[in-house]
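For reference, the structure discussed in these notes is given below.
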Amino acid sequence: MKKILIVAPLVIVAVGVNAQQAAQSTAPPPVETAGFQLALTPDIALHPRTTEISAVSLDIWGENPQHAFNLGFVNGSTGDSSGFSWAFLYNYAESYTGVEWAMVNHTTKSFLGWQDGWVNYDEGYFKGLESGLVNVAQDTHGLQFGVVNYADKLNGVQIGLVNVVNSNPWFDEFPHKLAKGFPIVNWSF
């Protein structure tokens, strides 16, 4: 009985140490941050593309996770980024919160805020204002204001010459009743 009372705590300690070492070896490395970034391309820059930028990024073409003001020709934001991204040509992001201004703005997962450009394209969730010539979003919550507006799902309003909502519950009986698209204004709540 004494042997069990001595051996059991030693086994528990050994198992706990092994579990702690295993957890530490699988933990992600700490994120490196910098306040300022200059980039010609993502690989020719002051900081590598994995460094999170927290203040200002000036780019010909840059790509970093960021919570900053980003000015450039092509601005890429990885991960969950936020701030004000102003590109002369193209903004692209995974998930972005804030303002994006460019000829073309594109997000793959989610966007929360205001996008303004010739073309705004959101593959996932969009909440806020899209203003541009062509606005396309999958799951839209807010206002699309442009010449052509398209939403797969809409909880909001579209204002433009061509407004289309693919999954609009108001128009389930299409094509026998009403169309899924309207000129000037379209809505779904």
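The values are calculated or read from the model by the stated rules, or taken from the named source; none is laboratory data. Fair warning: this is a prediction, and the values are worked out from it, not measured in the lab. Neighbour counts run over all protein chains shown; Cβ positions are idealised from the backbone, glycine included.
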Q.
Given the options PHE171, PHE111, name the one that is surrounded by 16 or more Cβ atoms within 10 Å (Cβ to Cβ) and either at pLDDT 95 or above or within 20 Å of the chain's Cα centre (by Cα) (or both).
A. PHE111
Q | Filtered residues of region 42-91 (kept if assigned to a strand (DSSP E or B), polar (S, T, N, Q) and within 20 Å of THR108 (Cβ to Cβ)) | A | SER57, ASN64, GLN66, ASN70, ASN75, SER77, THR78, SER81, SER82, SER85, ASN91
Q.
Taking the conditions exactly as written (outside any strand (DSSP E or B), at pLDDT below 95, in contact with a strand residue (DSSP E or B) (Cβ under 7 Å, 6 or more places away or on another chain) and of a type outside the set (Phe, Trp, Tyr)), does VAL11 satisfy them or not?
A. no
Q. Take the residues of region 101-125 that are in a strand (DSSP E or B) and small (Gly, Ala, Ser): which is nearest to THR140 (Cα to Cα)?
A. GLY124
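Which residue, of VAL134, VAL99, is among the β-branched types (Val, Ile, Thr) and over 14 Å from ASN70 (Cβ atoms)? Quick ask: steps written out before the conclusion?
Values: VAL99 fails: over 14 Å from ASN70 (Cβ atoms).
Unique residue meeting the criteria: VAL134.
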Q: Answer yes or no as to whether ALA34 is at pLDDT below 95 and either of a type in the set (Phe, Trp, Tyr) or not assigned by TED's automatic domain parsing to the domain that holds VAL119 (or both).
A: no
Q. Do any residues in region 113-139 that are more than 12 Å from ALA151 (Cβ to Cβ) and among the hydrophobic types (A, V, I, L, M, F, W, C) have Cβ atoms under 7 Å from those of residues that are outside any strand (DSSP E or B) and modelled with pLDDT of 95 or more, where the two are at least six apart or on different chains, and which pairs are they?
A. TRP118/MET103
Q. Going by the structure shown, is ALA87 buried (at least 22 other Cβ atoms within 10 Å of the Cβ) and outside the structural domain of ASN70 (by TED's automatic domain parsing)?
A. no
